[in-house]
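Input: one structure, supplied below.
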Amino acid sequence: MTVVPVAVVFDWGGTLTPFHDVDLLDLWRVVARDLAPGHAAELTWLLEDTERQWWATEGGAGRSGTVMELLAAVSAAVGLDVSGAVHRVSARHDLRAWTPHTVCDPEALLLMHLVRARGLRIGLLTNTHWPRSWHSRWLARDGLLELFDARVYTNDLPFSKPHPGAFHAALASLGVSDPRSAVFVGDRPASDIAGARAVGMRTVLLSDGLRPQLEASGPAGGSQADAVIGRLGCLPGVLDRWAVSR
Ligand SMILES: [Mg+2]
């Protein structure tokens, strides 16, 4: 018997938000202007280079380094209070120019209301280096924050998608004991779709044809998703089909 969904868990970047490459260059620019207005260009280059080295060593190599760890490491490396500067520019909202990639898809707000109207719980599971408080601010700005029943950031976990522990953490946060009764919606075939399938969740791949092929398809690819949608607005139709496919 097919289990009827009781919850939907969304990926964030590239799913609830349009796909963007994310880098910190814009952040380093505003921080450099704050710390050394007369030498902003040189400091921007130094910060970017230090960041690159950090990801290649401590922050990378299979572990999920956090932005706070990165800022502490960069502060130590350049001998300036980079962490403090980030907090200052954040408080002054200088980061607005840096955050377009955090703006949610225009369909996301309506979609989440439609999912909730169907009596389904909504979760978030995102591989992220950003602190929870930054995500909360971005979601609140777009009117989405209160629509989630639970949000799991891998920044708070010792592992990231596709590790089964990340998906189990999201299910537990929603009070879902049977993974078959939860749907995962994501844009990455391996980390989202294959990872969610491995723990028994149903899967929906968002594939709008506009984003680069981020991960190879094939055995772990999108062909294994239970459904493929071209845009978020198609999800309620999929959920309605599954709601009656007992
Ligand atoms: Mg994604």
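Considering only protein heavy atoms and a 1.4 Å probe, what is the carbon-and-sulfur percentage of the accessible area of region 133-176?
56 percent
Quick one: how many Å² of His163 are accessible to a 1.4 Å probe, rounded to 10?
For His163, solvent-accessible area is about 90 Å².
I've got another one for you. Calculate, in nm to one decimal, what Ala56 and Ser136 gain on full extension: separation in residues at 0.36 nm each, minus their alpha carbon distance.
26.0 nm is the gain from fully extending Ala56 to Ser136.
Let me ask something else. Order the peptides 41-47, 5-11, 170-176 from the highest to the lowest mean number of other Cβ atoms within 10 Å of their residues.
Numbers: 41-47: 17.4, 5-11: 23.7, 170-176: 20.0.
Most protected by this proxy first, the peptides run 5-11, 170-176, 41-47.
The values are calculated or read from the model by the stated rules, or taken from the named source; none is laboratory data. Just so you know, these numbers come straight off a predicted model, no measurement behind them. For neighbour counting, all protein chains shown are included, and Cβ atoms are generated from backbone atoms with ideal geometry for every residue, glycine included. Heads up: the accessible areas ignore ligands, DNA and RNA and are worked out on the full protein's heavy atoms, side chains in. Shrake-Rupley method; radii C 1.70, N 1.55, O 1.52, S 1.80 Å.
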